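Bear in mind that the values in this text are calculations on the coordinates, not laboratory data. For clarity, every value in this text was computed on a predicted model and none was experimentally measured. Heads up, the Cβs are rebuilt from the backbone with ideal geometry, glycines too, and the neighbour counts pull from every protein chain shown.
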Amino acid sequence: MRFVQTLETVVVMIFRVLVGLSFLILIGAVLVQVAGRLSGASPVWSEELTRFALLYLAAIGAGLSLRTGELVNVDVVSEAMPPRIAWWLRLISAILVAGLGLYLLPMAWQYTAIGAFQTSPALGLRMSFVHFTMFLMLALLAFFAVLRVVGMLAGTTDGRPAARDMPQVD
């Protein structure tokens, strides 16, 4: 079980850095757009880069959000139930998320492969890099859902979202 916790810690750290990098690229591209519009010559590639950075930001952030409970979640019903029933509902939910993510991964990979035959108009990037965001999002959602299931079955977690590791401001 220690291996699973270490793996989760490493993956979370890597993808937090990647979310930050995506956000920095997004901010930089938007600043280039704004500066270009003020000067009257906004580069075409900045619009495309903004969209691509936003896709990566959302794809990477989805798994992390599932882990911390910041992804859209309706837990009013489950948390109103007795603790044992709520635990089972959280387990079933995590199994369904993991199952759906794993089921859709091959199709997301096909979608990614289709992008190898296309390039983006402004940046000239192979669209497989952009289409990969769907695969990445599903893989991360499945990964964190599987970790939740494993933790629940091993008794190391009750299935509630992990507390954020950032200090809270009062």
Next item on the list: Sorted from largest down, give the three principal axis spans of the alpha carbons of region 55-101, whole angstrom values.
Entry: 38, 20, 12
Notebook entry, point to check: Thr157's amide H: which non-local residues (gap 5+, or another chain) put their own amide H closer than 5 Å, with H modeled 1.01 Å from N in plane and none for Pro or chain starts?
Noted result: Met152
Notebook entry, point to check: Given the options Val150, Val76, Val97, which has the most mean-square fluctuation in a GNM of the chain, springs set between C-alpha atoms less than 10 angstrom apart?
Noted result: Val76
Next item on the list: Restricting things to alpha carbons, tell me how big region 20-145 is in terms of Rg and Dmax, in Å.
Entry: 18.8, 62
Margin query: Just want to confirm a number: the relative contact order over the chain, from Cα pairs under 8 angstrom separated by 6+ residues, in percent.
Written below: 25
Note to self: Can you compute 3J(HN,Hα) from phi for each residue in region 27-37, using the Karplus curve 6.51 cos²θ - 1.76 cosθ + 1.60 with θ = phi - 60°, rounded to whole Hz and x for Gly and Pro?
What the structure shows: 4, x, 5, 5, 4, 5, 4, 5, 4, x, 5
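Can you compute the helix-only [θ] at 222 nm over the chain? Use -39500 (n - 2.57) per DSSP H run of at least 4 residues, normalise by all residues, nearest 500 deg cm²/dmol.
On the way: 5 runs with 128 residues, N = 170.
So the calculated ellipticity at 222 nm is -27000 deg cm²/dmol.
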Next item on the list: Would you please give the FRET efficiency between Phe117 and Ala58, computed as 1/(1 + (r/R0)^6) with r the Cβ-Cβ distance and R0 = 30 Å, to the nearest 0.05?
Entry: 0.80
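By how many nm would the segment from Val72 to Ile14 grow when fully extended, if each residue of separation counts as 0.36 nm and the alpha-carbon distance is taken off? Each step should come with its number before you reach the end.
On the way: separation 58, 0.36 × 58 = 20.88 nm, distance 2.28 nm.
Length gained, Val72 through Ile14: 18.6 nm.
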Check: Near the amide H of Thr119, under 5 Å away, which other amide H atoms are found, from residues 5 or more places off or on another chain, if H is placed in the peptide plane?
Finding: Met127
Note to self: In whole Hz and in residue order, list the ³J(HN,Hα) couplings for region 90-95 that follow from phi through the Karplus curve 6.51 cos²θ - 1.76 cosθ + 1.60, θ = phi - 60°; x for Gly and Pro.
What the structure shows: 5, 5, 4, 4, 5, 5
Check: How big is the charge dipole of the chain about its Cα centre, in debye rounded to the nearest 20, if each Lys and Arg gets +1 on its Cβ and each Asp and Glu gets -1 on its Cβ?
Finding: 220
Checklist line | Exposure proxy ranking, count of Cβ atoms within 10 Å, fewest first, for Thr119, Thr133 | finding: Thr119, Thr133
Check: At Trp88 and Met107, where each label point lies 7 Å from the Cα along Cα→Cβ, what is the point-to-point distance in nanometres?
Finding: 3.0
Notebook entry, point to check: Roughly how many nanometres apart are two label points built 7 Å out from the Cα toward the Cβ at Arg2 and Arg126?
Noted result: 4.1
